[in-house]
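S.K.: My questions will all concern the structure given below.
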Amino acid sequence: MAKLKLAAYWSASCGGCDVAILDIAERVLDVIAIADIVFWPVATDFKYKDVEAMANKSIDVCLFNGAVRNSEQEHIAKLLRAKSKAMVAYGSCACFGGIPALGNFNCRAETFQRAYIEALTNVNTDHVFPQTLVKVPEGELELPEYWDTVLALNQVVALEYFLPGCPPPVELTNKVVDALASGQLPPVGTTIASDKSLCEECDRIKEDKKITRIYRPHEITPDPEHCLLEQGIICMGPATRGGCGQRCIKANMPCRGCFGPPPKVIDQGAKMLSALTSIYEADDEEAIARMLAEVVDPAGTFNRFVMSTSMLQRKRL
Amino acid sequence: MRKITIDPFTRLEGHGRIDIFLNEKGEVANAYVRIPELRGFEKFCEGRPVEELPRITPRICGVCPGAHHMASSKAVDAVFHVDPPPAAKKLRELYYSAHMCHSHIAHFYALAAPDFVVGPTADPATRNIFGVIDKVGIEAGKEVIKNRAYAQNIQEVIGGKATHSVCGLPGGMSKAITEEERKGFEEKAHSLVEFSKFSTKIFHDMVLGNKEYVDLITGPIFTMRSYYMGMVDANNKVNFYDGDIRVVDAQGKEMARFKPAQYVEYIGEHTEPWSYLKFPFLKKVGWKGLVEGDDSGIYQVAPLARLNVADGMATPLAQEEYEKMYDTLGGKPVHATLAMHWARLIELQYAAERLLELCQDSEITDPNVRVIPTATPDEGVGVVEAPRGTLYHHYQTDKNGVVQKVNLIVATGNNYAAISLSMKKVAQAVIKAGQQVNEGLLNLIEMAYRAYDPCIACATHSLPGQMPLEVVIYNDKGDVVEKLSQHCSF
């Protein structure tokens, strides 16, 4: 059998997804046995022009991590799309926008004002901002333009697969390796994770208790055996797809939703709001008002990783 | 004027880029190291509950998320005026020692070793981690993978996930460790101590045993004199997790020693219109432009700077190697940029030894790892030494603990001016009038860069810890005459 051709790429991301690939450790050697890595800027020396020179659909699988926030990233996403038979949104940023998409609560001007003018340590009396084109004594220098809005990968190109997680767990990355090794790729459109919600998979004891108060994570030491939500801590489990291995919950911390919504749920934030209102004992207006006051930053909490693909998408410009 | 740009991917985003302008004689007139991306964490953290920042800010960088997690955890302690119990602090330091091991192992073997073990002017196709494994042998390669995985595993057990851990919160840690977990950690720590010794031996055999490399390390083109900054403990020993920040001048004399909360008095940030990254400098000396010397407020952070500001290492094997380095390189401070790699291995040794000490601490399995905060939250600063240098997180909140303002000075950011100066100096030395610029010469430029292990993900609050680079050369008319691509292998 001819060796497979694989590519991996980062876009607007932190690098954690590339580390996640390395975290499959010695299985990297299995991958190299069955496949040639034709493009992976982190680990190999192939260039952008090498990708341009490839025939369309000549890459078997491309793992693309990171959100898209400028024209260059859009360009390479489209280029890799054309060259790849199957493209995987790898990690929460590519799938839903991820943490960078919290930037959709602001716009470029606000972000620049904060970074270059307001920050306490700035010494910038002339109010200098980075410019896309600058004349220096020796010539001209260009910078790419910063977009107002962060997009998820499937808002830019069509995709075959989604592998969520911030970062994706080793077990799920290994599933991709297994699929490649066996030649059995899942049906197009598959999210490589669980089809259940995290809540359904959770090992913690649930007693269908109502709550009368919401605690922030630092305000209470939760019992490690019982449901965090039933202890009053906002845990995104009911509104989040499973398959993560309950990583945060096992560290006795609540889920923040990095796997995105479960199957058939359109909006993760709306789903969480619905889950919270059904568990919170609020029969009168006063109790409802109290509950609302106790949820600090609902938009940023319920959409922590999914602003780009949420119904909100961004603050109105 | 001719202009040279180093960039692997034309117009591609998020990569470091060097633009080199040549004069009419074909010599380097100026060089600009530029960072083309900003991610805006300081803005979008506003409005978030402050206790969530230890879970949000690590996404600044997936290569050193543990550093952001710890700096942020310390900052939120300060915001709530809460002092975590002793076991929580020790557990954080244990976690963080494992993090430093992971990061320094990844850097040395994947990033630095290709230059020294395979060779600075070797065929780029072999100048990568696989080339290193070829040279040191597959068994040694497996040791690298195994020990890095050990360091990751310790973080995962404590923090839920190795990357983007969730254990730190105001007042301490989310859970204690069990005796069984401690035992597992202790075994791994023993392995890491031995592996650090092995790594140091490789450096001695393959680098210090080679006169050509030693001349390169100690030669003038890789020398960069500046102020140095780093964190020290009460005995002025290197500390990654806690202490005062100490600054020494190019002669090694202390010019400042301050508490994390005082950082605004000492550090300023300068903006240039041609980069998204700001240039931090010492306020007491001032920003004098991108110039070297005692009158310039430019300072360096990261392994060599940390060793230069400290009086030594707090563990025996690391201290022994520390003395060896300064004896070999002619005393303190050392200004040889490439000595950064040696310093990094000394720190790896320290991190592994400290990890083992903490694994054997009688208090480390104490279940009391949380204090519930009771004070009204307002403002706090948290500082740690990230693998790539001093990392500052500063949060201001309303009385409900909702974030109003965030200021971040990240490890690589501190080094931006020094990196720019180092690269310009190397470019001036290697690019000569009328001489063809080849790949090997460019790699020398890049080696200056790589020594700092710049983490552009951190710096732009965008990319992982390794840097593809594009060099574009412009002539005195401003036309691009050469465009050379260079990739720093992971």
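S.K.: Please give the number of the condition B:Thr200 fails out of (1) surrounded by fewer than 18 Cβ atoms within 10 Å (Cβ to Cβ); (2) closer than 28 Å to B:Ala98 by Cβ; (3) not hydrophobic (A, V, I, L, M, F, W, C).
M.R.: So the condition that B:Thr200 fails would be (1).
S.K.: If I filter segment A:4-22 for residues that are more than 11 Å from chain B (Cβ to nearest Cβ), assigned to a loop (DSSP other than H, G, I, E, B) and at pLDDT 80 or above, do I get at least one hit?
M.R.: no
S.K.: Within segment A:106-127, restricting attention to residues that are of a type in the set (A, V, I, L, M, F, W, C) and assigned to a loop (DSSP other than H, G, I, E, B), which residue is farthest from the chain's Cα centre (by Cα)? Outline the logic, then answer.
M.R.: We begin by selecting, within segment A:106-127, every residue of a type in the set (A, V, I, L, M, F, W, C); these are A:107, A:109, A:112, A:115, A:117, A:119-120, A:123.
Those left that are additionally assigned to a loop (DSSP other than H, G, I, E, B): A:107, A:119-120, A:123.
Details: A:Cys107: 20, A:Ala119: 27, A:Leu120: 30, A:Val123: 34 Å.
Among those that are of a type in the set (A, V, I, L, M, F, W, C) and assigned to a loop (DSSP other than H, G, I, E, B), it is A:Val123.
S.K.: Among the listed residues B:Ala162, B:Ala140, B:Ala151, B:Ala189, which satisfies the condition of being surrounded by fewer than 19 Cβ atoms within 10 Å (Cβ to Cβ) and aliphatic (A, V, I, L, M)?
M.R.: B:Ala140
S.K.: Looking at B:Ser97, B:Ser72, can you tell me which residue is in contact with a Ser or Thr (Cβ under 7 Å, 6 or more places away or on another chain) and either of a type in the set (Gly, Ala, Ser) or within 30 Å of B:Lys399 (Cβ to Cβ) (or both)?
M.R.: Among B:Ser97, B:Ser72, only B:Ser72 is in contact with a Ser or Thr (Cβ under 7 Å, 6 or more places away or on another chain) and either of a type in the set (Gly, Ala, Ser) or within 30 Å of B:Lys399 (Cβ to Cβ) (or both).
S.K.: Kindly indicate which of A:Cys248, A:Cys255 is touching a Gly at 6+ places or on another chain (Cβ under 6 Å), assigned to a loop (DSSP other than H, G, I, E, B) and buried (at least 21 other Cβ atoms within 10 Å of the Cβ).
M.R.: Matching residue, one of A:Cys248, A:Cys255: A:Cys255.
S.K.: Scan segment A:288-313 for residues that are under 23 Å from A:Leu163 (Cα atoms) and either in a loop (DSSP other than H, G, I, E, B) or modelled with pLDDT under 95 (or both) and jot them down.
M.R.: Matches in segment A:288-313: A:Asn303, A:Arg304, A:Phe305, A:Val306, A:Met307, A:Ser308, A:Thr309, A:Ser310, A:Met311, A:Leu312, A:Gln313.
S.K.: Considering only residues that are within 12 Å of chain B (Cβ to nearest Cβ) and touching a Phe, Trp or Tyr at 6+ places or on another chain (Cβ under 9 Å), look in segment A:280-302 and name the one that is surrounded by the most Cβ atoms within 10 Å (Cβ to Cβ).
M.R.: Here the answer is A:Gly300.
S.K.: Out of all the residues in segment B:36-73, which are surrounded by fewer than 24 Cβ atoms within 10 Å (Cβ to Cβ) and either acidic (Asp, Glu) or away from chain A (no Cβ under 12 Å) (or both)?
M.R.: Within segment B:36-73, B:Glu42, B:Glu46 meet the criteria.
S.K.: Right, another one. Has segment A:62-73 got any residue that is more than 9 Å from every other protein chain (Cβ to nearest Cβ), of a type in the set (Gly, Ala, Ser), under 18 Å from B:Ile60 (Cβ atoms) and not in a loop (DSSP other than H, G, I, E, B)? Let's see the steps before the verdict.
M.R.: First, pick out the residues of segment A:62-73 that are more than 9 Å from every other protein chain (Cβ to nearest Cβ): A:62-65, A:67-68.
After this cut, where a residue has to be of a type in the set (Gly, Ala, Ser) as well, the list is A:67.
Of the ones still in play, those that are also under 18 Å from B:Ile60 (Cβ atoms) are A:67.
Next, from what is left, pick out any that are not in a loop (DSSP other than H, G, I, E, B): A:67.
Within segment A:62-73, one or more residues are more than 9 Å from every other protein chain (Cβ to nearest Cβ), of a type in the set (Gly, Ala, Ser), under 18 Å from B:Ile60 (Cβ atoms) and not in a loop (DSSP other than H, G, I, E, B).
Residue-by-condition table, conditions (1) surrounded by 20 or more Cβ atoms within 10 Å (Cβ to Cβ); (2) part of a strand (DSSP E or B); (3) touching a Pro at 6+ places or on another chain (Cβ under 7 Å); (4) at pLDDT below 95:
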residue: B:Gly252; (1), (2), (3), (4): no, no, yes, no
residue: B:Arg257; (1), (2), (3), (4): no, yes, no, no
residue: B:Glu265; (1), (2), (3), (4): no, no, no, no
residue: B:Tyr276; (1), (2), (3), (4): yes, no, yes, yes
residue: B:Phe281; (1), (2), (3), (4): yes, yes, no, no
residue: B:Lys284; (1), (2), (3), (4): no, no, no, no
residue: B:Lys288; (1), (2), (3), (4): no, no, no, no
residue: B:Gly293; (1), (2), (3), (4): no, no, no, yes
residue: B:Ser296; (1), (2), (3), (4): yes, no, no, no
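S.K.: Need pairs with beta-carbon distance below 9 Å; first residue among the basic types (Lys, Arg) and within segment B:422-435, second modelled with pLDDT under 80; sequence gap 6+ or separate chains.
M.R.: Correct list of pairs: B:Lys425/B:Ala448.
S.K.: Do we find a residue being assigned to a loop (DSSP other than H, G, I, E, B), modelled with pLDDT under 85 and either of a type in the set (A, V, I, L, M) or under 30 Å from B:Lys74 (Cβ atoms) (or both) anywhere in segment B:124-133?
M.R.: yes
S.K.: So which residues in segment B:78-95 are part of a helix (DSSP H, G or I) and in contact with a strand residue (DSSP E or B) (Cβ under 7 Å, 6 or more places away or on another chain)?
M.R.: Matches in segment B:78-95: B:Ala78, B:Val79, B:Ala88, B:Leu91, B:Arg92.
S.K.: Now for a separate question. What are the residue pairs meeting all of these: first residue in segment B:19-40, first residue closer than 15 Å to A:Thr132 by Cα, second residue assigned to a loop (DSSP other than H, G, I, E, B) and of a type in the set (S, T, N, Q), Cβ atoms under 6 Å, and 6 or more apart or on different chains?
M.R.: If the second residue must be assigned to a loop (DSSP other than H, G, I, E, B) and of a type in the set (S, T, N, Q), the pairs left are B:Arg34/B:Ser275; B:Ile35/B:Ser275; B:Ile35/B:Thr460; B:Glu37/B:Thr460; B:Glu37/B:Ser462; B:Leu38/B:Thr460.
S.K.: Restricting segment B:307-316 to residues that are farther than 10 Å from B:Met340 by Cβ and in contact with a helix residue (DSSP H, G or I) (Cβ under 9 Å, 6 or more places away or on another chain), which is surrounded by the fewest Cβ atoms within 10 Å (Cβ to Cβ)?
M.R.: Across segment B:307-316, the extreme among qualifying residues is B:Pro316.
S.K.: Look through B:Ser174, B:Ser103, B:Ser97 and report the one residue that is surrounded by 23 or more Cβ atoms within 10 Å (Cβ to Cβ) and within 9 Å of chain A (Cβ to nearest Cβ). Steps first, answer last, please.
M.R.: Values: B:Ser103 fails: within 9 Å of chain A (Cβ to nearest Cβ); B:Ser97 fails: within 9 Å of chain A (Cβ to nearest Cβ).
The unique qualifying residue is B:Ser174.
S.K.: Follow-up question, since we're still on this one. Can you find, within segment B:196-240, the residue that is modelled with the highest pLDDT among those that are among the aromatic types (Phe, Trp, Tyr) and over 21 Å from the mean Cα position of the chain (by Cα)?
M.R.: B:Phe198
S.K.: Listed residues A:Leu180, A:Leu185; which is more than 14 Å from chain B (Cβ to nearest Cβ), in a loop (DSSP other than H, G, I, E, B) and buried (at least 16 other Cβ atoms within 10 Å of the Cβ)?
M.R.: Exactly one of A:Leu180, A:Leu185 is more than 14 Å from chain B (Cβ to nearest Cβ), in a loop (DSSP other than H, G, I, E, B) and buried (at least 16 other Cβ atoms within 10 Å of the Cβ), namely A:Leu185.
Every residue, every condition in (1) at pLDDT below 75; (2) under 14 Å from the mean Cα position of the chain (by Cα), yes or no:
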residue: B:Asn415; (1), (2): no, yes
residue: B:Ala429; (1), (2): no, no
residue: B:Lys432; (1), (2): no, no
residue: B:Asn443; (1), (2): yes, no
residue: B:Ile473; (1), (2): yes, no
residue: B:His487; (1), (2): yes, no
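This table checks each residue for (1) surrounded by 18 or more Cβ atoms within 10 Å (Cβ to Cβ); (2) modelled with pLDDT of 95 or more; (3) within 14 Å of chain B (Cβ to nearest Cβ).
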{"residue": "A:Glu160", "(1), (2), (3)": "yes, yes, no"}
{"residue": "A:Ser194", "(1), (2), (3)": "yes, yes, no"}
{"residue": "A:Glu201", "(1), (2), (3)": "no, yes, no"}
{"residue": "A:Ile220", "(1), (2), (3)": "no, yes, yes"}
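S.K.: Out of the residues in segment A:74-88 meeting the condition of being in contact with a Ser or Thr (Cβ under 9 Å, 6 or more places away or on another chain) and outside any helix (DSSP H, G or I), tell me which one is farthest from the other protein chains (Cβ to nearest Cβ).
M.R.: It comes out as A:Lys85.
S.K.: Across segment A:128-162, what is the number of residues that are assigned to a loop (DSSP other than H, G, I, E, B) and either under 30 Å from A:Thr309 (Cβ atoms) or charged (D, E, K, R) (or both)?
M.R.: Summing the residues that are assigned to a loop (DSSP other than H, G, I, E, B) and either under 30 Å from A:Thr309 (Cβ atoms) or charged (D, E, K, R) (or both) in segment A:128-162 gives 17.
The values are calculated or read from the model by the stated rules, or taken from the named source; none is laboratory data. This is a predicted model, so every value here is computed, not measured. Reconstructed Cβ throughout: ideal geometry from the backbone, glycine too, with neighbour counts over all protein chains shown.
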